[in-house]
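Everything on this sheet refers to the single structure shown next.
Derivation of every value follows stated rules applied to the coordinates shown; laboratory data play no part. Worth saying up front: this structure is predicted, and the values here are computed from it rather than measured. Don't worry about glycine lacking a Cβ; one is built from the backbone with ideal geometry, like all the others, and counts go over all protein chains shown.
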Amino acid sequence: MGAIGRWVLSLDGAALPDRVLVGGKAWGIATMRHAGLPVPPAFVVTTEACRAYLAQGALPDGLLDELYAGIAILEAETGRRFGAAEKPLLLSIRSGAAVSMPGMLDTVLNLGIDEEIEAALAVESGDAAFARDTRRRFHEMYARIVLKAGIERLQPEGSVEEWRAAVAEAGATGCVPETPAEQLLGAVRAVFDSWNGRRARRYRRHHGLPDDAGTAVTVQAMVFGNLGERSGTGVLFTRNPLTGAAEPYGEYLARAQGEDVVSGRRTPQGLDALASPLPEAHAALIEAARRLEALNRDVQDVEFSVQEGTLYLLQTRTAARAPAAAVRIAVDLVNEGTISTDEALARVGADQVRMLLMPRLSEGAAESAPLLVEGEGASPGVGIGTVVLDADTAEARGGAGDDVVLVRPTTSPDDVHGMVAARAVVTETGGATSHAAVVSRSLGVPCVVGCGAGVGAALAGREVTVDGKAGRVFDGALPVSAPAETDDPHLCRIAGWARAAAPLAVYRADETAPGDALDLDRLPGGEDPEKLPELLQGVSGAGGGALASDAGVAVAVAAGLDFIVVRHALPALLAACAAARAEAAE
């Protein structure tokens with residue numbers, strides 16, 4: 001890593017930067033380059049620059065010169081020139097907060113193309129369709145992200161004039177600039193501005209993340225998964241994010257770019273679709289994934305592209321995983337000697353275990369139930385509610401106490417507020433690495449993707465049961481049953497470690513506690529965590545609904561209780577361990 005100036009750092013892999021300063025995406029690139037893995041060259045505009053921009057409403061002094069100094073480094077490494085007609089360099093402009101916020105911030109790809117450069121790409125590649133597709137992709141993304149045009153897709157066969165007219169009709173705040181330099185500044189500002197966008201603020205509020213951290217901007221040389229039949233793009237998880245199985249899991253799209261996979265507009269194939277035509281690229285990908293998991297000591301979510309048979313890694317980050325996968329992976333990594341039991345306890349959240357203990361379809365319930373649609377299970381769990389077709393309705397009705405299921409053609413970051421409010425999410429297109437799947441897993445919301453066109457219209461207004469593990473949507477509300485925390489051997493292992501580490505003992509309501517427990521449910525205000533400190537003074541043990549929350553358990557730990565009594569022991573044990581870690585960190 002080399003400092004280009006105050007605001008910009010080169011991601012040359014010489015050293016690992018401060019993750020808070022450069023964001024998770026740039027840190028992952030630096031990690032991969034440091035390990036000698038095949039990564040397109042890149043530099044990063046720091047979170048400090050973002051905070052300065054948001055404070056003063058303009059790019060900070062000196063940033064423009066540093067941007068061009070960074071581009072000069074990319075030019076030297078690639079042998080290409082930004083804004084030049086001969087061997088042009090196109091750029092990827094991507095956001096990156098220190099804590100992953102998947103899909104919440106903005107990205108612009110294929111930046112630096114104009115009419116002359118499109119013609120040069122056509123000559124160089126021998127593929128005019130590729131050059132036109134690349135320019136359309138840039139025009140479409142810049143219009144949507146930077147100019148805020150309400151447009152999803154431009155007609156591939158359209159002319160640039162027709163694209164401009166469509167963008168103007170869609171309410172754009174200006175025109176897509178032809179000058180690469182103007183394109184670059186517009187994209188950097190847009191990424192900075194996305195930090196305070198509605199969807200990003202809601203995501204941070206839901207996950208308890210700070211609002212003042214800012215996002216970095218990673219500027220990287222483009223590689224082209226849409227260049228011919230020996231090119232493509234995909235996502236690989238080093239372990240299955242749904243089940244936790246210790247085997248690579250992922251998806252691949254030939255002749256595509258990353259947005260095609262993430263957006264869910266195209267349904268990808270499994271990794272075999274890469275292994276069959278390009279076995280060397282597939283083997284290199286599997287080996288790189290193995291190394292990245294070992295380096296990071298956790299399951300990785302790796303984005304990659306293949307350009308004319310050559311593999312390039314674009315991003316690695318700690319993978320979002322379903323609750324069952326989180327538990328199994330934590331246990332497996334301890335068994336493999338990769339992490340300690342204390343680290344395993346820190347990686348399994350109390351809320352994840354609560355989700356695992358939520359009701360699931362009763363035995364045989366699905367056998368006679370009318371099956372409405374079927375797709376790919378993308379986030380396990382069962383959700384029951386009335387189908388609504390837009391995120392605003394889901395948020396409004398969910399906030400009013402209704403159980404709703406959000407059904408969309410595919411989801412985008414603009415749908416996250418509705419996903420948070422929904423009992424389940426269903427999409428017509430997309431795969432297990434699409435936006436809908438990744439965000440649903442991070443939220444713990446059941447999700448089924450790729451159910452086919454017209455599903456929304458067919459289900460609107462119906463009460464349905466969504467089985468996110470089986471990938472099925474049933475008519476009506478099916479009977480469910482609640483699992484016991486002692487049924488799962490992985491949960492039992494986690495519970496054993498948690499009992500040894502927790503600062504207090506936790507008993508289930510059907511177990512015998514060592515003494516009399518204060519019954520908070522019978523006391524005025526006993527249901528309110530804010531009143532617990534006073535109620536628990538001088539008490540050795542207590543039980544009640546208020547202790548079922550992380551906040552209630554934290555109060556019990558702070559009050560020095562010897563034991564608590566709750567319905568499910570493991571979530572409370574994990575919350576107690578988390579409270580103890582928080583106290584130790586203060």
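Magnitude of the charge dipole for region 72-144, about its Cα centre and with charges confined to Cβ atoms of Lys, Arg (+1) and Asp, Glu (-1), is about 240 debye. Working from Cα positions, state the angle (0 to 90°, nearest 10) between the long axis of helix 180-194 and the longest principal axis of the chain. That helix lies at roughly 10 degrees to the long axis.
Helix 160-169 versus the longest principal axis of the chain: what is the Cα-based angle in degrees, 0 to 90, to the nearest 10? Rounded to the nearest ten degrees, it is 40. The alpha carbon radius of gyration of region 180-219, expressed as a multiple of 2.2 N^0.38 Å, is 1.34. Dividing the C-alpha radius of gyration of region 338-381 by 2.2 N^0.38 Å, with N its residue count, gives 1.75. According to the calculation over all Cα-Cα pairs in region 360-481, the P(r) per 5 Å bin from zero is 2, 14, 26, 28, 19, 8, 2, 0 %. For the chain, the antiparallel share of DSSP beta bridges with both residues in that region comes to about 75%.
Computed log10 I(q)/I(0) for region 1-102 at 0.13, 0.24, 0.25 Å⁻¹: -0.47, -1.36, -1.41, from the Debye equation with unit scatterers placed on every C-alpha and solvent omitted.
Of the GluC sites (Glu not before Pro) found in region 262-354, those in coil by DSSP whose Cβ has at most 16 other Cβ atoms within 10 Å are GLU308, GLU336. Checking every one of the GluC sites (Glu not before Pro) in region 222-263 against DSSP loop status and a limit of 14 other Cβ atoms within 10 Å picks out GLU229. In region 224-321, one over the average inverse separation of all distinct C-alpha pairs is 13.1 Å, which is the Kirkwood hydrodynamic radius. Ignoring aspartates and glutamates fewer than eight residues from LYS531 along the same chain, the ones with Cα atoms less than 13 angstrom from its Cα are ASP521. The chain gives an Rg/Rh value of 0.99, both radii derived from C-alpha positions and Rh following Kirkwood. Once all Cα-Cα distances of region 489-585 are split into 10 Å bins that start at 0, what whole-number percent is in each one? Distribution as computed: 18, 54, 25, 3 percent. Taking the alpha-carbon centroid of each part, what is the distance from region 106-185 to region 303-348 in angstrom? Between the Cα centres of region 106-185 and region 303-348 lies a distance of 36 Å. Here ALA400 and ASP519 are evaluated by their C-beta separation; at R0 = 22 Å the FRET efficiency comes out at 0.10. Relative to the dominant Cα principal axis of the chain, helix 489-501 is inclined by about 70°.
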